[in-house]
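Q: This is the structure I have questions about; it appears just below.
The values are calculated or read from the model by the stated rules, or taken from the named source; none is laboratory data. A quick note: this is a predicted structure, and the numbers were derived from the prediction, not measured. All Cβ positions, glycine included, derive from the backbone under ideal geometry; neighbour counts span all protein chains shown.
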Amino acid sequence: MVNSNGNIVASNSELLHQNRAFLYGDAVFETLKIVNHSILFWEDHYFRLMATMRIVRMEIPMNFTMEYLENQILSLVQAKNITNAARARITVYRASPGFYLPETNDVGFVIQVAEIPHSQYQWNSSKYEVDLYKDFYISKQLISNLKTTNKIIHITGSIFAKENDLDNCLLLNESKQVTEALQGNVFVYINQVLKTPPLSEGCLNGVMRKNIISLLQKNQLLPIEESPISPFELQKADEIFITNVVQGIQPITHYRKKTFGNSLAIRLIEMLNNHVQTPSKDV
């Protein structure tokens, strides 16, 4: 079942041939982690969603308050009898007739929820191998920072990763700089500094990325900088890890012939779990 515009319905009841998200990728979305009926980083997700809707010129309904959408998400969690942890996705689409040009900018939404096994962020000690995906490139512009349903590069990259027995791929922008991973932002620990690409490089404006940066700036654990990352730096790095809200922090163990450590990633996972359990208004 899903929550479609405030109604919990069977998941096969949507008329996809009339939906602009299906026809044109005219939709934006948020992927969320829910623990004990609480949405982690909900304020960050909500304001990112509202900002994205404005940028793509969707009409924001008056009832799209933080409380309303939170209640819609959690009502589906309750309806599915999920008591521990869940992964949720809210997709907002332009609900209008028309071809490329919509007749209106009104919106609808669909919420999906699935149970996940762990409430805390876990350290994955398994081998995790990545390589570069170079068939297509990320564009260095604002729209690349947005979480829209136009993800064909990430889809073809995921197929490439599977065909080559990789766990993930790193994406490049048109300047051939490292931008992000298929399922999250990328951080590189090199020369005692933690680096992550700035938004101007075309990476996703990730919620977990934002919180990792804020945590490190607050705790002053080590220097962190937002600066372009060359593929050549990957070979020299001490650690590389990927971040997203559902998984948390995923250390990369292998890139081509290079093997990486994970001590910083493990420490950050512990800090992240402590922050989630006792959130501070300063972060």
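Q: Can you tell me which residue in segment 238-283 is modelled with the highest pLDDT, limited to those that are farther than 19 Å from residue 123 by Cβ and in a loop (DSSP other than H, G, I, E, B)?
A: Among them, the one singled out is 256.
Q: How many residues are part of a loop (DSSP other than H, G, I, E, B) and either of a type outside the set (Phe, Trp, Tyr) or assigned by TED's automatic domain parsing to the domain that holds residue 211 (or both) when one looks only at segment 38-70?
A: Within segment 38-70, residues that are part of a loop (DSSP other than H, G, I, E, B) and either of a type outside the set (Phe, Trp, Tyr) or assigned by TED's automatic domain parsing to the domain that holds residue 211 (or both) number 10.
Q: Please tell me if residue 99 is under 19 Å from residue 245 (Cβ atoms) and either over 18 Å from the mean Cα position of the chain (by Cα) or modelled with pLDDT of 95 or more (or both).
A: No; evaluated as a whole, the condition is false for this residue.
Q: Could you pull out the residue among 194, 222, 234 that is in contact (Cβ under 8 Å) with a residue 24 or more places away in the chain, hydrophobic (A, V, I, L, M, F, W, C) and assigned to a helix (DSSP H, G or I)?
A: 234
Q: Still on this structure, please answer the following. Inside segment 106-150, can you point out the residues that are out of contact with any Phe, Trp or Tyr (no Cβ under 7 Å at 6 or more places or on another chain), in a loop (DSSP other than H, G, I, E, B) and closer than 30 Å to residue 62 by Cα?
A: 106, 141, 146, 150
Q: Here's a follow-up. Can you tell me how many residues within segment 81-105 are loosely packed, with under 13 Cβ neighbours inside 10 Å and either in the same structural domain as residue 255 (by TED's automatic domain parsing) or charged (D, E, K, R) (or both)?
A: Residues flagged as loosely packed, with under 13 Cβ neighbours inside 10 Å and either in the same structural domain as residue 255 (by TED's automatic domain parsing) or charged (D, E, K, R) (or both) within segment 81-105 amount to 1.
Q: Hey, among 225, 239, 180, which residue is among the acidic types (Asp, Glu) and closer than 19 Å to residue 48 by Cα?
A: The match here is 180.
Q: Another one. Can you tell me which residue among 234, 194, 222, 199 is surrounded by fewer than 20 Cβ atoms within 10 Å (Cβ to Cβ), of a type in the set (A, V, I, L, M) and out of contact with any helix residue (DSSP H, G or I) (no Cβ under 6 Å at 6 or more places or on another chain)?
A: 222
Q: I would also like to ask the following. Being small (Gly, Ala, Ser) and surrounded by 14 or more Cβ atoms within 10 Å (Cβ to Cβ) is the filter; apply it to segment 116-153 and report the residue that is nearest to residue 165 (Cα to Cα).
A: Within segment 116-153, the match that is nearest to residue 165 (Cα to Cα) is 144.
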